[in-house]
Amino acid sequence: MKRIAILGSTGSIGTQTLEIVRQNQDLQVAALAAGSNVERMEEQIREFRPSAVAMWEEEACRDLKARIADTGVRVCCGMDGLLEIASLEGVDVLVTAVVGMIGIRPTIAAIESGKAIALANKETLVTAGHLIMPLAAKHHVPVLPVDSEHSAIFQSMNGERKERISKILLTASGGPFRGRTKGELETMQVEDALKHPNWAMGRKITIDSATMVNKGLEVMEAKWLFDVDLERIEVVVHPQSIIHSMVEYVDGAVMAQLGMPDMKLPIAYALFYPDRRPMQGKRLDFAALGQMTFEKPDLETFTGLKLAFKAAKAGGSMPTVYNAANEMAVGLFLERKIGFMQIPELIAACMERHKVIEGPKVEDILWTEQETYEYIRGQVQ
Ligand code: NDP
Ligand code: MG
């Protein structure tokens, strides 16, 4: 029996993780955490009977306590609650499926208490990869990728020697605005940006896919997960999202993982690695697919991706600025307070004024985050 805890259980990755639990008797839900969605959390508690849960928002926490008083399940609140869920005794694997940098401290707490990490929350590695990866090595806990591209890379490295990798080919669908001009992007509305061609995901990552900031975050995530230099990571646009990423080796061989776009596969792979479990769902039909196409990313239009390489190259606290500026800008765009192209513009402005802190500690990262937010608040009324 493998006991799992899920941070972000009410979201897109969280609910798909619970679908996998339903299909596998040897997985048990020990703990759950979410932000404010009390209704869904109550349903999950009644179905999976975890021993403890956490809600980030205070009011949601109070409400949940009242709703589930009959169950005897312990409810904790806020950051203390997330930390408690992340380090709960008896948990084998923590699935980090919260959105945003809020994942940093709980992920660290989980590693320090010896839990394996099934990592969906890319923002944590982007901002704190230099702390997380050595810490995981020190505590001998695996960080298993859930993000589909990183799972594909991980699967393409099975049985291979890391020093024989020549490059990582990170595939990108290009999002809903592939092929559009900068002028066209100026006028894009929230509804347009939320229409991803291949994947159904949470709102923030869907907007990140439209700006291609998501691919930028994934470049940095890959750098930390697989310990490869930035120069060895190449983004390839592949609109059909069938090849989930590839690894090229020194002899020119390219290994890839292909499949239908379904996040349940990488989630299950992380939970059962090195095993594979039977899974329902559509299979690839190559004749029906007909062709797969590839192109270079348009870095002049999708400046969000270009800025990610710049932030990664600068290193230190710069990826935190890139990520925090994006988190806040995406929130403002979703609230219709700024236009689509202001997302990369705000990221660029925040990066421009930032003085890099080398080797930032958690406090420096959180300070940089707040400082970036404050600057944007001053810019956008
Ligand atoms: P969703 O927006 O669908 O879900 C986010 C989850 O996080 C919800 O359960 C939400 O709770 C919870 N949450 C938000 N804020 C807090 C907080 N302060 N404290 C505790 N819980 C919080 O996001 P996704 O599932 O799409 O994405 C999650 C992560 O996985 C992101 O980092 C994303 O980049 C990554 N990812 C997602 C993929 C996908 O297919 N969805 C693919 C690859 C990576 P509530 O509902 O109560 O607000
Ligand atoms: Mg991805």
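Here are the numbers for this structure:
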read-out: Ranked Y269, Y375, criterion: other C-beta atoms within 10 Å, fewest first; value: Y375, Y269
read-out: Amide proton proximity set for Q257, modelled H, under 5 Å, gap of 5+; value: H244, S245
read-out: Charged-residue dipole, Cβ positions (Lys, Arg, Asp, Glu), region 163-224 about Cα centre, Debye nearest 20; value: 180
read-out: Charge dipole magnitude, Cβ of K and R +1, D and E -1 - region 56-180, Cα centre, debye nearest 20; value: 620
read-out: Any cysteine of the chain lacking a neighbouring Cys Cβ under 4.7 Å - listed by number; value: C76, C350
read-out: Using alpha carbons only: equivalent-ellipsoid semi-axes of region 139-279, gyration tensor based, whole Å; value: 27, 18, 13
read-out: Relative contact order (%) - criterion: Cα under 8 Å, at least six apart; region: the chain; value: 14
read-out: Restraint check, K223/K361; K2/K215; K122/K337; K204/K337; K215/K296; K115/K361, Cα-Cα greater than 24 Å; value: K2/K215; K122/K337
read-out: Signed unit charges on C-beta, dipole axis of the chain, positive-most listed residue T15, L82, L307; value: T15
read-out: F294/N24 FRET efficiency (R0 30 Å; Cβ-Cβ; nearest 0.05); value: 0.30
read-out: Selection of GluC sites (Glu not before Pro), region 300-348, meeting DSSP coil and at most 16 other Cβ within 10 Å; value: E300, E335
read-out: Residue exposure sequence - V95, V73 - by fewest surrounding Cβ within 10 Å; value: V73, V95
read-out: Gain on full stretching of the segment that runs from L230 to D80 - 0.36 nm per residue minus C-alpha separation; value: 50.5 nm
read-out: Positive-end residue, the chain charge dipole about Cα centroid, Cβ charges, pick of L32, Q240, F226; value: Q240
read-out: Residue exposure sequence - C350, C76 - by fewest surrounding Cβ within 10 Å; value: C76, C350
read-out: Solution diffusion estimate, µm²/s, Stokes-Einstein, the chain, Kirkwood Rh from C-alpha pairs, 37 °C, viscosity 0.692 mPa s; value: 155
read-out: Where Rh is the Kirkwood radius over Cα pairs, Rg/Rh for region 65-162; value: 1.04
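Rule-based calculations on the coordinates, nothing more; no lab input. Quantities reported herein were computed from a predicted structural model and do not represent experimental measurements. Don't worry about glycine lacking a Cβ; one is built from the backbone with ideal geometry, like all the others, and counts go over all protein chains shown.
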